[in-house]
Amino acid sequence: MPAVPGKPPNPEAGPGRPDSVAVPALTVLLFLLTVLLFAPVTAWLVRQTLDHEQLVHALVILVLASAALVMEERGRLVYYGRFDRTASGALLASFGFLAAATALQSVWWVLPAFALALAAWGLFLLGPRVKRAVGSIAAAFIGYILLAASVTALDWPLRAMAGRYAQWLLEKLGFFTGLGLTPGGNPKLILQVDGYPFEVAAECNGFGLLGASLLLAVLLVAYRPMLWIDRALALAGAVMLATLFNLLRIVAICILAPSFPGHYWAMHEVVGNAFFWACLALVWGLGRGGRSFRF
């Protein structure tokens, strides 16, 4: 049968099959079912984000980078409004993983379930022409859920590592240092630098910078055409850059603090943000794979 004039055939549709089935009532039902099934994990994710400032920073970077990725695809952005085979398969797989999580009593199956549901509805809205961008955002969102699940467990190990490395570098620079815990039921990690005490608090552990760098790297390497070895190197580079820049941030604040006795917090924020955004700029270039965005 010849193609209808003005409507080229869709190569993704099988012979004699429609491109998709659009049933508004079924679409609404599927959306409500998705919201209901993922309401518990969504509520937990919101609580975790609001309770940890580092997760807020990572989420802001994820949203901004995702928006930039969508802008990269702006020439293809149209409202699709249908479940093609890819979107339908993603949603069915999402429900399958969620059923496995319930049957096996394992939260790890929720990660692909949530990401596939997000990808399915993204493809429903924007169609298969932007599936690479949608898939990249879904992959980064899995990373965000993993960060939310590990933020508490990694707090003290990251603090200890940041404190030890900062002490080592400051000693190499000629400063007299000491590192230890305060006594009591709520111990604090204190770094002494030439008699000045600095608390290595939760916001100093580098989790926010590490999380934001990793999410940005995952988003970019999943989207860009790169060899797998290059993807792995980009992710490893993001981790190393985040660790290095957090160390340099702590050391810079410790060195500059005596010069700003009345404006410590202002200096702290300026220096901290400068290293934060400088690191993300380098991760952006690393994950971009040498390619330029069109805008």
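Estimated from helical segments only, the mean residue ellipticity of the chain at 222 nm is -23000 deg cm²/dmol, where each DSSP H run of four or more residues counts as -39500 (n - 2.57). Oblate is the label for the stretch 61-101, because the ratio a/c of its alpha-carbon gyration tensor axes (a ≥ b ≥ c) is 1.5 or higher and a/b is not greater than b/c. Taking other C-beta atoms within 10 angstrom as a stand-in for reagent exposure, SER88, SER213, SER136, SER106 fall in the order SER106, SER88, SER136, SER213, fewest first. Taking packing as the residue-averaged number of other Cβ atoms within 10 angstrom, the listed peptides 30-42, 149-161, 274-286 run from highest to lowest as 274-286, 149-161, 30-42.
The charge dipole of the stretch 153-287, taken about the Cα centre with unit charges on the Cβ atoms of Lys, Arg (+1) and Asp, Glu (-1), comes to about 240 debye, rounded to the nearest 20.
Short to long, the 10 Å bins of the Cα pair-distance histogram for the stretch 161-295 hold 12, 36, 29, 16, 7, 0 percent of all pairs.
Overall, the chain carries a charge dipole of about 980 debye about its Cα centre when +1 sits on the Cβ of Lys and Arg and -1 on the Cβ of Asp and Glu, all other atoms neutral. Residue order for LYS172, LYS131, LYS188, fewest other beta carbons within 10 angstrom first, comes to LYS172, LYS188, LYS131. Residue separation of MET240 and GLU171 scaled by 0.36 nm, minus their Cα-Cα distance, works out to 22.7 nm of gained length. Stokes-Einstein diffusion for the stretch 80-163 at 4 °C, viscosity 1.567 mPa s, with a Kirkwood radius from C-alpha pairs, works out to 92 µm²/s.
For LEU32 and ASP155, the FRET efficiency from 1/(1 + (r/R0)^6), where r spans their Cβ atoms and R0 equals 51 Å, is about 0.85. Here the scattering of the chain is modelled by Debye summation over its C-alpha atoms, one equal scatterer each and no solvent; at q = 0.07, 0.14 Å⁻¹ the log10 of I(q)/I(0) is -0.36, -1.09. Computed from label points 7 Å out along Cα-Cβ, the spacing between GLU73 and VAL270 is 4.1 nm. By the Cα gyration tensor, the stretch 24-149 has an equivalent ellipsoid whose semi-axes, rounded to whole angstrom, run 23, 21, 12 from largest to smallest.
Computed from the coordinates by the stated procedures, all read-outs in this text should not be read as laboratory data. Since the model is a prediction, treat every value here as computed from it, not as a measurement. Glycine gets a Cβ as well: all are built from the backbone with ideal geometry, and neighbour counts include every protein chain shown.
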